[in-house]
Amino acid sequence: MKRIFALPAIAVATAAAPAMAQDQNRAPGGLHIGAIGGYEGISVDSADGTVSADADAAVYGISAGYDLSLGGAFVGVEGEYSASDGSTQFPSTFAGARDGLEANGQYYVGARAGFALTPGIAAYGKAGYTALDTKTFTSAGTLSDVEENASGFRFGGGLQVQLPGPLEGRIEYRRSRYSNVGTDVDDATTDQVIAGIGVRF
């Protein structure tokens with residue numbers, strides 16, 4: 001008799017085990033806000049295509065978004081503002097009126113999707129629209145600075161880790177490409193590696 005009752009119990013336990021594992025690997029969902037900081041490399045090309053310039057800078061900002069959990073995967077939307085002090089200067093051989101480009105704020109809105117790697121760790125990719133506030137300048141100060149706003153496309157990816165309580169951390173790489181930036185500058189590219197900490201609701 002004991003064996004007869006044991007068989008259904010074993011069957012129920014066997015069926016429940018995969019479900020428990022699936023719950024443990026459930027992807028994150030809900031509203032999240034956070035702060036970011038890290039490294040930015042910026043590269044610009046002159047409008048006449050003769051020279052380029054590069055610079056390294058620190059970048060920092062804030063982000064917010066919402067994820068929809070689909071079990072072991074998720075999709076979501078997010079927005080971000082970041083700022084840096086990156087300033088590139090063309091070689092002295094450049095014949096243009098402006099000597100360089102200063103990158104100011106970057107605005108981003110886009111989509112992301114990912115999946116749970118282990119309980120508490122998820123990988124994701126992202127893509128969307130970005131805008132860059134810039135200022136072109138002359139080292140001699142003979143002309144007024146010119147402020148521009150350029151549109152572009154950003155893509156990237158990263159890992160996010162659940163921390164104690166509602167906290168989560170992330171590390172991420174992303175590249176943004178801007179075309180026809182402004183006076184004497186054609187294309188600009190920013191590469192960022194950032195770390196972030198946030199709260200999920």
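The values are calculated or read from the model by the stated rules, or taken from the named source; none is laboratory data. All of these numbers come straight from a predicted model, not from anything done at the bench. Note that we place each Cβ from the backbone using ideal geometry, even for glycine, and neighbour counts take in every protein chain shown.
So for the range 47-56 (the condition being within 22 Å of R154 (Cα to Cα) and β-branched (V, I, T)), does at least one residue qualify?
Scanning the range 47-56, I find no residue that is within 22 Å of R154 (Cα to Cα) and β-branched (V, I, T), so the answer is no.
Quickly run through the range 172-199 and pick out the residues that are within 19 Å of G105 (Cβ to Cβ) and among the small types (G, A, S).
S176, S179, G182, A188, G196
Being modelled with pLDDT of 90 or more and over 19 Å from the mean Cα position of the chain (by Cα) is the filter here, so list the residues in the range 63-94 that pass it.
Answer for the range 63-94, where residues must be modelled with pLDDT of 90 or more and over 19 Å from the mean Cα position of the chain (by Cα): S69, L70, G71, G72.
Taking the range 151-171 only, how many residues are closer than 14 Å to Q106 by Cβ and surrounded by 19 or more Cβ atoms within 10 Å (Cβ to Cβ)?
Residues in the range 151-171 being closer than 14 Å to Q106 by Cβ and surrounded by 19 or more Cβ atoms within 10 Å (Cβ to Cβ): 3 in total.
So T136 ticks every box in (1) more than 28 Å from P166 (Cβ to Cβ); (2) surrounded by fewer than 19 Cβ atoms within 10 Å (Cβ to Cβ); (3) in contact (Cβ under 8 Å) with a residue 24 or more places away in the chain but one. Which box is left unticked?
Here T136 meets the rest and fails (2).
Does the range 115-131 contain at least one residue that is hydroxyl-bearing (S, T, Y) and in a loop (DSSP other than H, G, I, E, B)?
no
Name the residue, out of E148, E168, E172, that is part of a strand (DSSP E or B), at pLDDT below 85 and acidic (D, E).
E148
Which one is surrounded by the most Cβ atoms within 10 Å (Cβ to Cβ) among residues in the range 139-150 that are within 17 Å of N104 (Cα to Cα) and aliphatic (A, V, I, L, M)?
A150
Condition first: closer than 13 Å to T189 by Cα, under 16 Å from the mean Cα position of the chain (by Cα) and surrounded by fewer than 20 Cβ atoms within 10 Å (Cβ to Cβ). Now tell me which residues in the range 28-62 satisfy that.
G41 - this is the single residue of the range 28-62 that is closer than 13 Å to T189 by Cα, under 16 Å from the mean Cα position of the chain (by Cα) and surrounded by fewer than 20 Cβ atoms within 10 Å (Cβ to Cβ).
Across the range 134-161, what is the total count of residues that are among the aromatic types (F, W, Y) and within 23 Å of the chain's Cα centre (by Cα)?
2
Need the failing condition index for A103 against (1) under 21 Å from S52 (Cα atoms); (2) surrounded by fewer than 14 Cβ atoms within 10 Å (Cβ to Cβ), just the number.
Result: A103 passes all but (2).
Look at F94 and say whether it is surrounded by 15 or more Cβ atoms within 10 Å (Cβ to Cβ), in a loop (DSSP other than H, G, I, E, B) and touching a residue at least 12 places away in the same chain (Cβ under 8 Å).
yes
Residues of the range 64-89 being in a strand (DSSP E or B) and farther than 21 Å from R175 by Cβ, which ones?
Matches in the range 64-89: A64, Y66, D67, L68, S69, A73, F74, V75, Q89.
Listed residues A150, A116, A127; which is touching a residue at least 12 places away in the same chain (Cβ under 8 Å), more than 30 Å from G30 (Cβ to Cβ) and hydrophobic (A, V, I, L, M, F, W, C)?
Exactly one residue qualifies, and that residue is A150.
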